[in-house]
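Single-structure report; data block below.
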């Protein structure tokens, strides 16, 4: 294990984000400077898929940021089976395009699946649907229905034409229980190439050949002890993995957690404050599930959970969403938001199961406050620093949640 850790650190030093191993905070840096530094470095690390070399190196980077705050980092390691893509492509009449398989479907062998291509829901062997990467969109709902019905031998998901070039990806909500026909996700521009040679007689071959390999995930966290150990702890959590660089999707939450840790450490809290940054977000929250499995009492025992979720740093088609477990939790943010003239675009109704990792706390009957948002580059490879991030607005939300953390911890 130690040898593997040294190899990861060696890899980190050789990458463009070697500077990320430098101290996270300087006494001369403003909050805006610190937030800029964290999101920029996180984005530069590359593709943050769970259990990959980048994900493991990013865990070391994050661990270093906590150490530089004068807080002792904690590691929560777990083993899992990671998808290793062998061959992922679509071939029609000699035209071959490459794609990304769903991570929770069944897969083909090396020869793939061959048949006629048609609209999803038709009698075609291979169904096609265009969609944004959300199951709650019309395309996402059609995909979900077709996967359950399994009428098609395979399915093609074309990235919505309104998005920039590239492939957007669906989260693997059934990662531990994969089902349904093989599904290949491809870019809209590539689909146009195939569509041009598609005829009623044409047949296509879809190959989604994958294997499962042994891998490990690492949740990184810390605990700041309070003055009164009898008080129920405050828990602050954020995901730290995703499909691509995830500058605006994940960067805001990571920067906010570190700012809250910095302020709470300096304040000397009354209650214990637990921080956790979990991998496995895109794989049905497997990192958080592991974390909670080992702390079964914490969901309900905590004074409050603060969930720093996806996309509140987004510049492209943003829209802040707030989620609460109850009216009392809802009222706690009012003063902090009013002072900074902040208002959410939408609030999830109290009776509704929330989005993101807050759902894990909701399901366990814990109390929570959750921050997340919309994003025109959601699950897109163009979600990179600086173009995808609204820095000024992100800092304002981080200031508000830092105040909230100080209030709840003291």
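The values are calculated or read from the model by the stated rules, or taken from the named source; none is laboratory data. In this text, all values refer to a predicted model and were calculated from it rather than measured experimentally. Here Cβ is always computed from backbone atoms with ideal geometry, including for glycine, and neighbour counts include all displayed protein chains.
For the subset of segment 34-85 comprising residues that are in a loop (DSSP other than H, G, I, E, B) and over 17 Å from the mean Cα position of the chain (by Cα), which member is farthest from residue 107 (Cα to Cα)? Checking each candidate, the answer is 70. I'd like the full set of residues that are in contact with a helix residue (DSSP H, G or I) (Cβ under 9 Å, 6 or more places away or on another chain), within 17 Å of residue 116 (Cβ to Cβ) and outside any strand (DSSP E or B), limited to segment 87-105. 93, the sole residue that qualifies.
For the subset of segment 224-239 comprising residues that are modelled with pLDDT of 95 or more and farther than 18 Å from residue 401 by Cα, which member is surrounded by the fewest Cβ atoms within 10 Å (Cβ to Cβ)? Working first, answer last.
Filtering segment 224-239 down to residues modelled with pLDDT of 95 or more leaves 224-228, 230-239.
So of that shortlist, the ones also farther than 18 Å from residue 401 by Cα come out as 225-228, 230-232.
Details: 225: 12, 226: 19, 227: 11, 228: 10, 230: 6, 231: 14, 232: 14.
The selected residue is 230.
Of all residue pairs spaced 6 or more apart or on separate chains, none has beta-carbon atoms under 9 Å together with a first member in segment 220-232 that is free of Cβ contacts under 8 Å to residues at least 60 places away in the same chain and outside the structural domain of residue 300 (by TED's automatic domain parsing) and a second member that is outside any loop (DSSP other than H, G, I, E, B) and surrounded by fewer than 12 Cβ atoms within 10 Å (Cβ to Cβ). Summed over segment 276-288, residues that are surrounded by fewer than 24 Cβ atoms within 10 Å (Cβ to Cβ) and out of contact with any helix residue (DSSP H, G or I) (no Cβ under 7 Å at 6 or more places or on another chain) total 2. Summed over segment 260-275, residues that are surrounded by 22 or more Cβ atoms within 10 Å (Cβ to Cβ), closer than 20 Å to residue 35 by Cα and either modelled with pLDDT under 95 or in contact with a helix residue (DSSP H, G or I) (Cβ under 6 Å, 6 or more places away or on another chain) (or both) total 3. Of all the residues in segment 87-96, those that are crowded, with 19+ Cβ neighbours inside 10 Å and either modelled with pLDDT of 95 or more or outside the structural domain of residue 193 (by TED's automatic domain parsing) (or both) number 2. In the set (1) outside any helix (DSSP H, G or I); (2) touching a strand residue (DSSP E or B) at 6+ places or on another chain (Cβ under 8 Å); (3) crowded, with 24+ Cβ neighbours inside 10 Å, residue 198 fails one condition alone, (3). For segment 289-304, a tally of residues being without any contact (Cβ under 8 Å) to a residue 12 or more places away in the chain and within 21 Å of the chain's Cα centre (by Cα) returns 1.
Quick one: would you say residue 326 is free of Cβ contacts under 8 Å to residues at least 60 places away in the same chain and surrounded by fewer than 20 Cβ atoms within 10 Å (Cβ to Cβ)? Yes: the conditions hold for residue 326. Inclusion of residue 205 among residues that are assigned to a strand (DSSP E or B) and over 24 Å from residue 298 (Cα atoms) is warranted. For segment 109-167, residues that are more than 29 Å from the chain's Cα centre (by Cα), at negative phi, in a loop (DSSP other than H, G, I, E, B) and crowded, with 21+ Cβ neighbours inside 10 Å total 1. Does residue 241 meet the test of being in contact with a helix residue (DSSP H, G or I) (Cβ under 8 Å, 6 or more places away or on another chain) and in a loop (DSSP other than H, G, I, E, B)? The answer is yes for residue 241.
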